[in-house]
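Taking it in order: structure first as structure tokens, then the write-up.
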Amino acid sequence: MKLGYNTNGLAHHEPVQALEMLAEIGYRSVAITIDHAWLAPLHDQRDSQLREIRDCLASHKMDCVVESGARFLLDPYRKHYPTLLDPDQAIAAKRVEFLKYCIDTAVELKADCVSIWSGQKPEGIEDQQALDTLAENLAGVLQHAEQQNMEIGFEPEPDMFIDTMKSYERLLEWIDSPRLGLTLDIGHLFCMGELPIVDFIQRWQDRILNVHIEDMRAGIHEHLMFGEGQIYFPPILQSLMEIGYTGGLHVELSRHSHDAFNIARQSFDFLANTISELPSLPES
């Protein structure tokens, strides 16, 4: 398990500068959220920036995943729009093409996976229609992922159509693929009352590709610094170790960019210290 940090919490840092800072702290993985300053599709320096980021990751022996959750990258007026749920195929296609771009970028970065979500259900759409639309659009994304030999981590997100592990499981009844894995967000499980969290880790261990972690309060979708919420982390981290999870454990604090270095350092210290105090696993 590699401690990591999501770049959506580094909004005021130049990319290579941010990676250097994370490496200095001790992080060995990074969740790169493609955004205006981070490998945006139409960025005029995109290719040179990608080479710089790839070289920086290699020099620090850091792994990465690619995140697709930028708030206003595709539409400056509507957060997280368009989505895979839009009934207008031409509009939904913009999200599909962006996710294909994320897959291609992940291949160039030798990333572990690409993390995606459903988006909010449009008004006036029944659940069944939304599920059919999501599955249809997701099929094109998964086909591209298969062609590019890249894994997809689907993240249940509060306030979105696929918001819980229960709804994720229902999605798998409509569309399943060896490429369709899981991005598991610890705070989201707690927020949505999917407890005990260790049960979900155990049950879905074969699907987990990417883990987000932060503190949170029950029923309130607000990503908090460790110690400011209600989550007790030792059994969660112990469970991830017990299932042999070797991917990134990515701190996601997208509203903490104003104090990014201190927050990233404190988060690393909290997780590293907590893990160091866990009982050792028996040798196999």
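Taking amide hydrogens as placed 1.01 Å from N in the peptide plane, the amide H of Tyr5 sits under 5 Å from those of Ser29, Val30, Ala31, Val251, each at least 5 positions away in sequence or on another chain. Most simply put, the chain has about 10% antiparallel DSSP beta bridges, counting only bridges with both residues inside it. Computed from the Cβ-Cβ distance with R0 of 22 Å, the FRET efficiency linking Arg170 to Ala93 stands at 0.35. Between the listed residues Thr105, Met160, Leu172, the Cα displaced farthest toward the positive end of the dipole of the chain, a dipole computed from Cβ unit charges relative to the Cα centre, is found at Thr105. Lysine pairs in the stretch 2-276 whose alpha-carbon atoms fall under 19 angstrom of each other, counting only those eight or more residues apart or on distinct chains, come to 8.
Restricting attention to the stretch 174-228, which GluC sites (Glu not before Pro) occupy a DSSP loop and are surrounded by at most 14 other Cβ atoms within 10 Å? Hits after loop and neighbour filter: Glu228. Applying a DSSP loop filter and a limit of 10 other Cβ atoms within 10 Å to the trypsin sites (Lys or Arg not before Pro) in the stretch 1-67 leaves Lys61. Treating r as the C-beta distance of His12 and Arg78 and R0 as 25 Å, the FRET efficiency rounds to 0.60. For the stretch 107-208, the set of trypsin sites (Lys or Arg not before Pro) satisfying both a DSSP loop assignment and a count of at most 13 other C-beta atoms within 10 Å is given as Lys110.
For the stretch 143-175, the residues whose backbone nitrogen is under 16 Å from a point 7 Å from the Cα of Asp104, taken along Cα to Cβ, are 143-150.
For the stretch 2-276, the relative contact order works out to 21 percent when only alpha carbon pairs closer than 8 Å and six or more residues apart are counted.
Computed from the C-beta positions of Gln128 and Met241, the FRET efficiency with R₀ = 41 Å rounds to 0.55. A straight line joining the Cα centroids of the stretch 17-62 and the stretch 260-284 runs 23 Å. For the stretch 84-108 versus the stretch 211-239, the spacing of their alpha-carbon centroids is 30 Å. The residue among Pro279, Ser115, Gln49 whose Cα reaches farthest toward the positive pole of the charge dipole of the chain, with charges on the beta-carbon of Lys, Arg, Asp and Glu, is Gln49. Extension gain, Lys61-Ile220: 0.36 nm per intervening residue step, less the Cα-Cα distance, totals 53.6 nm.
Dipole size of the chain about its Cα centre, with +1 on Lys/Arg Cβ and -1 on Asp/Glu Cβ: approximately 340 debye, rounded to the nearest 20.
No value in this document is a laboratory result; all are computed from the given coordinates. Everything numeric in this text was worked out from a predicted model, so none of it was measured. All Cβ positions, glycine included, derive from the backbone under ideal geometry; neighbour counts span all protein chains shown.
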